[in-house]
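Colleague: Dropping the structure in here first, questions after.
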Amino acid sequence: MNDCLPTKSALWQRVEGTIKEILHTYGYSEIRTPIVEMTNLFYRAIGEVTDVVEKELYTFQDRNGDSLSLRPEGTASCVRAGMENGLFHNQEQRLWYMGSMFRHERPQKGRYRQFHQFGVEVFGLTGPDVDAELIMITACIWRALGIIDDVHLELNSIGSFETRANYREALVAFLQQHESVLDDDCKRRMHTNTLRVFDTKVPEIQDVLTDAPKLYEYLDNESKQHLLGLCELLDSVGIQYSINEKLVRGLDYYNRTVFEWITGKLGTQGTICGGGRYDGLVEKLGGDTTAAVGFAIGIERLVLLIETLGLNKTRPIVDVYMVTTGEGTLIAGMKLAEVLREKIIGLRVMMHFGGGNFKKQFKRADKVGASVALVLGEKEVSQNMVTYKDLKSGEQLIISQDDVAGKLAQLV
Ligand code: HAM
């Protein structure tokens with residue numbers, strides 16, 4: 001679990017701000033849900049035989065003896081919140097959320113126990129057009145952040161629940177023929193959550209699995225059409241993708257479309273975004289049949305990628321540094337700063353506190369990255385003037401305090 005220090009938070013804000021703005025331009029609204037839920041919700045939504053639930057949940061008993069868990073992802077909570085608040089009754093919903101998620105994983109670069117996701121969930125729409133829009137949104141985000149050339153999209157359809165039941169049968173038969181090669185984890189999963197055997201990291205088992213039956217051979221017609229429709233839409237808006245038949249995703253609720261955006265720049269934890277359809281989840285949790293599709297972006301990985309590519313420039317935290325020296329100048333400076341902040345929306349003005357000579361004060365101004373220093377001595381204050389010093393060019397002039405806002409407006 002990491003601290004986000006002031007040196008990093010500006011980049012985080014830029015990333016979060018960019019994503020939020022883009023989502024609003026597509027007409028999506030924010031939803032905020034608690035970071036703890038009844039443990040049972042995750043068991044039912046994500047699936048008992050998944051790494052996330054089996055190995056990674058942070059679970060505790062509260063004072064009433066209820067079993068609660070820190071959320072490992074946001075989809076289950078969105079569905080619960082939507083059901084409890086009647087958001088799915090004859091309505092569609094286009095939602096986004098951002099927040100901390102918790103998984104007790106083995107930490108490494110790009111994988112943490114507390115991490116942050118920016119997620120989107122759409123309810124009540126069945127067609128591939130929505131799937132395409134979600135992918136277009138992600139592409140738009142990558143473009144805005146300048147990383148579009150360093151990520152690629154992998155796409156698959158895992159079909160209907162019947163597709164997977166049929167496929168599972170064939171896969172179990174195949175695995176039984178190769179049981180001697182399987183480790184205990186795979187043997188157990190063969191009967192509990194067969195598709196998850198593909199998550200194995202054991203090279204010998206991976207070898208055997210290359211000859212396993214393929215899910216697409218069992219794909220139902222409607223799912224094929226859905227995938228085809230999605231591919232056509234992506235082609236027509238010029239979004240490149242590759243079909244990865246092995247892509248099944250690690251959470252149980254998916255059907256039909258699944259996708260991931262992957263970068264080669266971050267080593268093994270290269271998936272910066274994952275998502276797909278989960279048309280059966282609302283019903284599974286006790287609601288009406290409700291089509292659903294969504295994705296989540298891992299913010300740590302996105303930030304890491306931006307830093308790796310050297311795109312982490314952010315605006316300095318200060319535009320104007322207020323230097324004062326002499327009787328009554330500090331308060332005059334504070335008043336002037338207040339006026340400037342009010343007149344120029346977004347202007348960042350930092351006061352120098354703690355006294356000291358000009359040299360010390362200008363050094364601070366440089367350190368915080370200010371573009372301009374405003375200097376107020378007793379003479380300036382008495383004449384309602386101020387010394388304006390451009391810290392980049394060194395240009396210095398004395399102007400009326402009434403005119404300084406006009407000169408500073410160019411900074412924002
Ligand atoms: P997920 O693939 O488990 O999907 O997570 C989505 C993204 O969160 C990953 O692609 C990765 O970038 C990031 N992530 C996951 N675990 C960690 C970790 N331990 N440390 C850092 N980053 C991590 C979901 O969570 C689904 N709820 C996505 C979704 C929404 N599907 C439909 N709607």
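The values are calculated or read from the model by the stated rules, or taken from the named source; none is laboratory data. A quick note: this is a predicted structure, and the numbers were derived from the prediction, not measured. Glycine gets a Cβ as well: all are built from the backbone with ideal geometry, and neighbour counts include every protein chain shown. These area figures cover heavy atoms from the full protein model, side chains too; ligands, DNA and RNA do not enter into them. Shrake-Rupley method; radii C 1.70, N 1.55, O 1.52, S 1.80 Å.
Colleague: Give the range 233-278 a look and list any residue that's modelled with pLDDT of 95 or more and of a type in the set (Gly, Ala, Ser), or say none.
Modeller: Within the range 233-278, Ser236, Gly238, Ser242, Gly264, Gly270, Gly274, Gly275, Gly276 meet the criteria.
Colleague: Which condition number in (1) open to solvent by 30 Å² or more (accessible area, probe 1.4 Å); (2) away from the ligand (no atom under 14 Å from the Cβ); (3) not in a helix (DSSP H, G or I) is the one that Gly159 fails?
Modeller: In the conditions (1) open to solvent by 30 Å² or more (accessible area, probe 1.4 Å); (2) away from the ligand (no atom under 14 Å from the Cβ); (3) not in a helix (DSSP H, G or I), Gly159 misses (1) alone.
Colleague: Out of the range 275-289, which residues are touching a strand residue (DSSP E or B) at 6+ places or on another chain (Cβ under 8 Å) and open to solvent by 10 Å² or more (accessible area, probe 1.4 Å)?
Modeller: Asp279, Gly280
Colleague: Please specify each residue of the range 94-127 satisfying the condition of being within 8 Å of the ligand (Cβ to nearest atom), among the basic types (Lys, Arg) and assigned to a loop (DSSP other than H, G, I, E, B).
Modeller: Arg103, Arg113 - these are the residues of the range 94-127 that are within 8 Å of the ligand (Cβ to nearest atom), among the basic types (Lys, Arg) and assigned to a loop (DSSP other than H, G, I, E, B).
Colleague: Then there's this: In the set Thr324, Thr257, Thr314, which member is touching a helix residue (DSSP H, G or I) at 6+ places or on another chain (Cβ under 9 Å), assigned to a strand (DSSP E or B), more than 8 Å from the ligand (Cβ to nearest atom) and not assigned by TED's automatic domain parsing to the domain that holds Glu30?
Modeller: When all the criteria are applied, what remains is Thr324.
Here's the yes/no breakdown for (1) under 30 Å from Met1 (Cβ atoms); (2) touching a Ser or Thr at 6+ places or on another chain (Cβ under 9 Å):
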site: Leu311; (1), (2): yes, no
site: Glu342; (1), (2): no, no
site: Ile345; (1), (2): no, no
site: Gly354; (1), (2): no, no
site: Asn384; (1), (2): no, yes
site: Lys392; (1), (2): no, yes
site: Leu411; (1), (2): no, yes
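Colleague: Take the range 227-247 and flag every residue that is within 16 Å of the ligand (Cβ to nearest atom) and surrounded by 19 or more Cβ atoms within 10 Å (Cβ to Cβ).
Modeller: If the condition is that a residue be within 16 Å of the ligand (Cβ to nearest atom) and surrounded by 19 or more Cβ atoms within 10 Å (Cβ to Cβ), then Leu230, Leu247 are the ones that fit.
Colleague: Can you name the residue in the range 74-93 that is part of a loop (DSSP other than H, G, I, E, B) and modelled with pLDDT of 95 or more and is also nearest to the ligand (Cβ to nearest atom) among such residues?
Modeller: Here the residue is Gly74.
Colleague: If I ask for residues that are over 21 Å from Lys363 (Cβ atoms), open to solvent by less than 80 Å² (accessible area, probe 1.4 Å) and without any contact (Cβ under 8 Å) to a residue 60 or more places away in the chain, which ones from the range 381-412 would you list?
Modeller: Of everything in the range 381-412, those that are over 21 Å from Lys363 (Cβ atoms), open to solvent by less than 80 Å² (accessible area, probe 1.4 Å) and without any contact (Cβ under 8 Å) to a residue 60 or more places away in the chain turn out to be Val381, Asn384, Met385, Leu397, Ile399, Ser400, Gly406, Lys407.
Colleague: Moving on. Of the residues in the range 315-344, how many are open to solvent by 40 Å² or more (accessible area, probe 1.4 Å) and closer than 16 Å to Val404 by Cβ?
Modeller: Adding up the residues that qualify gives 7.
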